[in-house]
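I have placed the structure first, in the form of structure tokens, so that the comments after it can refer back to it.
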Amino acid sequence: MEQLKTLVVEGDAKGSETRVQELLDQGVTATDIMQKALIPAMDKVGELFQSGEYYLPEMLVAAKAMQQGLKVLKPILAQGKAHSAGKAVIGTVKGDLHDIGKNLVGISLEGAGFEVIDLGADVAAEKFVVAVREHEPKVLGLSALLTTTMLGMREVITALTKAGLRQNVKVMVGGAPITQRFATEIGADYYGADSTSAKDYARTVQ
Ligand code: B1M
């Protein structure tokens, strides 16, 4: 696990992919690989960035290495999509390019049987509204990683209300700077600390 963490921190995408497969072959679970190596590796990268040891390019290659490892895990994490639990629209809010956490939420939802409509990153409020109108999902999942973009979540909720769609969909929010207090403040229905709790909440929505 430590080796995989190092490979991701150092931005070795090929090495990350190979090591994830080796760990799976050794019987380590996909969840453990995620929780004990891939996510901690990104936390380490964040620390290195904050302390000035890493710059944007290093952060980017590390993110690519994480995503390469995640690619191997995705089919395993998303197993069990035999029945449809309904639709979920997800996306990262406007101005924000961070999509790894949002992708994890999508994989968890797929694993729970949801049909996931992923709008990607840097998504404007109006685009969320159009998707909710078109797909009529049970849940709308918003992700934000920057303190400067998290307010975009409030804009989405306001836009849904203006469009007369707020009552039709449950809005869940998450991402590193998001808290329960913020979620309550902006009128979201649910705050998810991680992708598993987001999926568990979505399952409870009728
Ligand atoms: Co950026 N970045 N970044 N970055 N980046 C952070 C977020 C930062 C904390 C790093 C730091 O300074 N320590 C910092 C934000 C500071 C702040 O706002 N207070 C930061 C900064 C400053 C920036 C730039 C501004 C840097 C610059 O340009 N000077 C820039 C902004 C670009 C933009 O978005 N407009 C930038 C750019 C980037 C990259 C593009 C290089 C890259 C992203 C690549 C990508 O996503 N494709 C990147 C990365 C990789 C990070 C860190 C290192 C890792 C993020 C990550 O993927 N974590 C990050 C440091 C950190 O978070 N420790 C950092 C792993 C991921 C699984 O966790 O997304 O939190 P996370 O998801 C979790 C939960 O939060 C939750 O579930 C997941 C786990 O199960 N969750 C949800 C997430 N969404 C959810 C939604 C839900 C429910 C749960 O319901 C819908």
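Derivation of every value follows stated rules applied to the coordinates shown; laboratory data play no part. Fair warning: this is a prediction, and the values are worked out from it, not measured in the lab. When we count neighbours, we look across all protein chains shown, and the Cβ atoms used for this are built from the backbone with ideal geometry, even at glycine.
Observations on the model:
- Two numbers describe the Cα atoms of segment 127-203: Rg and Dmax, which are 11.6, 31 Å.
- Between segment 126-194 and segment 40-116, the Cα center-to-center distance that results, in Å: 18 Å
- Within segment 63-119, the trypsin sites (Lys or Arg not before Pro) that combine a DSSP coil assignment with at most 15 other C-beta atoms in a 10 angstrom radius are Lys81.
- Cβ-Cβ FRET estimate between Val205 and Glu58, R0 fixed at 45 Å, reported to 0.05: 0.70
- Of the three principal axes defined by the Cα atoms of segment 1-83, the extents in descending order read 45, 28, 19 Å.
- Entry note, the chain: the mean residue ellipticity at 222 nm calculated from DSSP H runs of n ≥ 4, each adding -39500 (n - 2.57), is -16000 deg cm²/dmol after division by the residues and rounding to the nearest 500.
- Relative contact order of the chain: 17 percent, from C-alpha pairs under 8 Å at least 6 residues apart in sequence.
- Dipole magnitude of segment 1-83 about its Cα centre (Cβ charges: Lys, Arg +1; Asp, Glu -1), debye to nearest 20: 380 debye
- Rounded to the nearest 20 debye, dipole of the chain from Cβ charges on Lys, Arg, Asp, Glu: 680 debye
- Positive dipole terminus of segment 84-206, leading residue within Met150, Val205, Thr179 (C-beta point charges): Val205
- Residue-wise HN-Hα couplings along segment 90-102, as the Karplus relation 6.51 cos²θ - 1.76 cosθ + 1.60 with θ = phi - 60° gives them from phi, are 10, x, 9, 5, 3, x, 10, 9, 6, 10, 5, x, 4 Hz; Gly and Pro carry x.
- Using all pairs of distinct alpha-carbon atoms, the Kirkwood hydrodynamic radius of segment 49-112 works out to 13.7 angstrom.
- Computed over Cα pairs, the Kirkwood radius of the chain leads via Stokes-Einstein (1.002 mPa s, 20 °C) to a diffusion coefficient of 123 µm² per second.
- Gain in span if fully extended, His135 to Glu10, counting 0.36 nm per residue against the direct Cα distance: 41.0 nm
- For segment 1-70, the list of chymotrypsin sites (Phe, Trp or Tyr not before Pro) that fall in a loop by DSSP and count at most 10 other C-beta atoms within 10 angstrom reads Tyr55.
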